[in-house]
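The values are calculated or read from the model by the stated rules, or taken from the named source; none is laboratory data. These numbers were taken from a predicted model, which means no experiment stands behind them. Ideal geometry is used to build each Cβ from the backbone, glycine not excepted, and the neighbour counts take in all protein chains shown.
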């Protein structure tokens, strides 16, 4: 068991902010990223919370992310917002876009935010949750460097490309929050096994020859297995169309890796849609959603997507979050200019 | 090999129209349905083309569909169209909605069409293709009576719920068209095996005890296996949120079956989103899409979703479509008032 230290969500946000600024991130950008870090820890997803802050800082320092980039916001049509993240973090671009997206979606009934030239956006569901908290149904897509091959081929063409949907209850709490990638498993799991010299289960990945492999090193040269075979490839392509083609961002097949310091900015993209559910449903949405959730609760053992995160968040708001001590030491060293 | 007769697409449309009207369908509604029948045959999906016309006619006659229903169109917000299909066919509701959706999406950049109280819409990709042919990116969702259980439970709660996305090239041809359900296999395949007394492969379905089964009769009392496990359930829930909760339609868990004559109108729903890709991408969409398709073509053996349908369509436009003779005899008998 790794040693941990329990921090409040405010302490997490402040520490992340200070480290990111010390590493050369513009304060407005660091604020959006630090807030998402605290929310990700609150959701119980420690792999993408404080543990990522040292990587973010390193990526500012090596130029994979432009720390002082200022997002450029455009409104090409009444229902559309387009943001050039200028090779900075996705978070400030999303934040600037959401400021316009929410009132626009209420006014128009539906509005979209297309972001290009951005870095990865962390946990996608953190952003769709924010749309739901504004009382709107939120859908999000984000693309990633290629790691899944098309059906019938061996070479990767699309990323593990997640989508997310968050459906707000009457109080704007996301009572269903789906956030899933197109692959059987996260690529980071295979990288972890590779570092640890452990085999991977069959079904996670394919080698460069297109055949299943249990060797993580061979898997990393090959491709990730799509979840549900060709249907997983379909999801990855759906996301690629939305997050890259529809935004004018870099396709996964041409994007530099998110991991490591080489290759410069990945310049990938995100696409978000916000919809006023009361307007589309003639006022029936809240009732329908509550019924759907109640029906699931009635089925013994049924898992409701998003409930795990909601429960972790309730706990975190009350008692803070246990964060890995070694991670905290790293982040504090960056904050104090000692890294 | 079943005997077939080759018909032109116009002949298919005319025959379907005449039979539907003879069975009591309002001409405007029959027109939309007959057009989709011809397009479905052109796409090479014979299971959902002319073969469905006798079922449509039977469903008008038994009251599962209201043949003379007139869709009621509303525009609750500048970017939204809402249609009450009035328990008639989905096709005329979609058609009436699309007439407004396309100009609206061009003007607003994004627009949505929410349909409730409708029957099933046949092949979803026929409708998203129409959005793409208008030069817009089209996304569609349609829900169905419950047949997939939530993760951890045994009783079905959501349908095999497909989604579809169609991405237009520079000429409005859908160069990528994805159209996939949330289950490993279509429920109709299991019904077919049940009628034929044949076993089903393991992995297609689960019995009422939640355990895998190869007996189609047991499978029909249980649930359909979601594609990719919990991720397939996630897709089915995404579609349920969009097509039922967001439209105010009947949830899959409360909807009457699409098959058979019992239970009255299913009153399910559809949701379509149309987006101007040139506006969201700063003019980059056409190039990005062409590059994505070209990269797939470069990968030996790669399957590009939608290419099969496009190739079938080219053939059909030139040489017509071979339709099962027994099906044609049934449809002609309905047309001639002899069924």
**Asked** Considering only the range B:1-50, how many residues are touching a helix residue (DSSP H, G or I) at 6+ places or on another chain (Cβ under 6 Å), closer than 26 Å to residue B:71 by Cα and outside any helix (DSSP H, G or I)?
**Response** 4
**Item:** Residue check, residue B:24 without any contact (Cβ under 8 Å) to a residue 40 or more places away in the chain and more than 15 Å from the chain's Cα centre (by Cα)
**Value:** no
**Complete:** Filtering the range B:81-96 for residues that are within 28 Å of residue A:113 (Cα to Cα) and surrounded by fewer than 24 Cβ atoms within 10 Å (Cβ to Cβ) leaves a count of 3
**Request:** Return only the number of the condition from (1) within 12 Å of chain A (Cβ to nearest Cβ); (2) in contact (Cβ under 8 Å) with a residue 60 or more places away in the chain; (3) buried (at least 19 other Cβ atoms within 10 Å of the Cβ); (4) over 23 Å from residue A:243 (Cβ atoms) that residue B:210 does not satisfy.
**Result:** (3)
**Request:** Would you mind finding the one in A:200, A:185 that is in contact with a helix residue (DSSP H, G or I) (Cβ under 9 Å, 6 or more places away or on another chain) and either in contact (Cβ under 8 Å) with a residue 40 or more places away in the chain or assigned to a loop (DSSP other than H, G, I, E, B) (or both)?
**Result:** A:200
**Prompt:** With (1) touching a strand residue (DSSP E or B) at 6+ places or on another chain (Cβ under 6 Å); (2) under 30 Å from residue B:81 (Cα atoms); (3) more than 14 Å from every other protein chain (Cβ to nearest Cβ) as the list, and residue B:179 as the residue in question, which single condition is left unmet?
**Reply:** (3)
**Prompt:** Any residue at all in the range A:228-238 that is more than 21 Å from residue B:137 (Cα to Cα) and out of contact with any helix residue (DSSP H, G or I) (no Cβ under 9 Å at 6 or more places or on another chain)?
**Reply:** yes
**Asked** When the residues of the range A:300-320 are filtered to those that are more than 18 Å from the chain's Cα centre (by Cα) and in a loop (DSSP other than H, G, I, E, B), which remaining residue is modelled with the highest pLDDT?
**Response** A:320
**Residue count, the range B:143-182 (criterion: in a loop (DSSP other than H, G, I, E, B), touching a residue at least 60 places away in the same chain (Cβ under 8 Å) and more than 22 Å from residue A:289 (Cβ to Cβ))** = 4
**Message:** Here's a check for you: in the range B:68-109, which residue that is under 19 Å from the mean Cα position of the chain (by Cα) and part of a loop (DSSP other than H, G, I, E, B) is farthest from the other protein chains (Cβ to nearest Cβ)?
**Reply:** B:89
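Every residue, every condition in (1) closer than 25 Å to residue A:40 by Cα; (2) touching a strand residue (DSSP E or B) at 6+ places or on another chain (Cβ under 9 Å); (3) surrounded by fewer than 16 Cβ atoms within 10 Å (Cβ to Cβ), yes or no:
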site	(1), (2), (3)
A:157	no, yes, no
A:161	yes, yes, no
A:217	no, no, yes
A:220	no, yes, no
**Asked** Is it the case that the range B:171-187 has a residue that's more than 23 Å from residue B:307 (Cβ to Cβ) and loosely packed, with under 14 Cβ neighbours inside 10 Å?
**Response** no
**Request:** Please find, within the range A:135-152, the residue that is farthest from the other protein chains (Cβ to nearest Cβ) out of those that are touching a strand residue (DSSP E or B) at 6+ places or on another chain (Cβ under 9 Å) and more than 14 Å from residue A:240 (Cα to Cα).
**Result:** A:135
**Request:** Determine the pairs where a residue that is loosely packed, with under 14 Cβ neighbours inside 10 Å, located within the range A:311-339, has a partner that is in a helix (DSSP H, G or I) with Cβ atoms under 8 Å apart, the partner being 6 or more residues away or on another chain.
**Result:** A:317/A:9; A:317/A:42; A:336/A:22; A:337/A:22
